[in-house]
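Working notes, beginning with the structure itself.
The values are calculated or read from the model by the stated rules, or taken from the named source; none is laboratory data. Owing to the predicted nature of the structure, the values given are computational and were not obtained by experimental measurement. FYI the Cβ positions are ideal-geometry reconstructions off the backbone, even for glycines, and counts take in every protein chain you see. The accessibility values were calculated without ligands, DNA or RNA, using every heavy atom of the protein model including side chains. Shrake-Rupley method; radii C 1.70, N 1.55, O 1.52, S 1.80 Å.
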Amino acid sequence: MPMRYYFNLINHTERILDDTGIEVATPEQAHAQALKAVQEMRAEGEDSAEWDDWRLEVSDAAGAVAFSVSLAGRLH
């Protein structure tokens, strides 16, 4: 059964909320999509340091945070 996850950008003072989300079959697929999104954001950005205070917070349909990915530094 597909699950819907929402990818919200969060820093200390701002929240950019995803009101659409994506459907995936497993939480692992949501995590893979989050890493892909962060990589794409970094590739498009002129100055990656501007994202250092931000994180991509992934929540389920009930609003519970499943995990978050920092936009600072390198992805592993």
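For the stretch 12-66, give me each residue that is open to solvent by 80 Å² or more (accessible area, probe 1.4 Å), in a helix (DSSP H, G or I) and more than 16 Å from Pro2 (Cα to Cα). The answer is Lys36, Gln39, Glu40, Ala43, Glu44, Glu50. Sub-7 Å Cβ pairs linking a first residue in the stretch 20-31 that is in contact (Cβ under 8 Å) with a residue 12 or more places away in the chain and more than 12 Å from Val58 (Cα to Cα) to a second residue that is assigned to a strand (DSSP E or B) and among the aromatic types (Phe, Trp, Tyr), at least 6 apart or interchain, are Val24/Tyr5, ordered by first then second residue. The residue pairs whose first member lies in the stretch 58-73 and is under 13 Å from Val24 (Cα atoms), whose second member is of a type in the set (D, E, K, R) and part of a strand (DSSP E or B), and whose beta carbons are closer than 8 Å, counting only pairs six or more residues apart or on different chains, are Asp60/Arg4; Ala61/Arg4. If the condition is being modelled with pLDDT of 85 or more and surrounded by fewer than 16 Cβ atoms within 10 Å (Cβ to Cβ), then the stretch 67-76 contributes Phe67, Ser68, Ser70.
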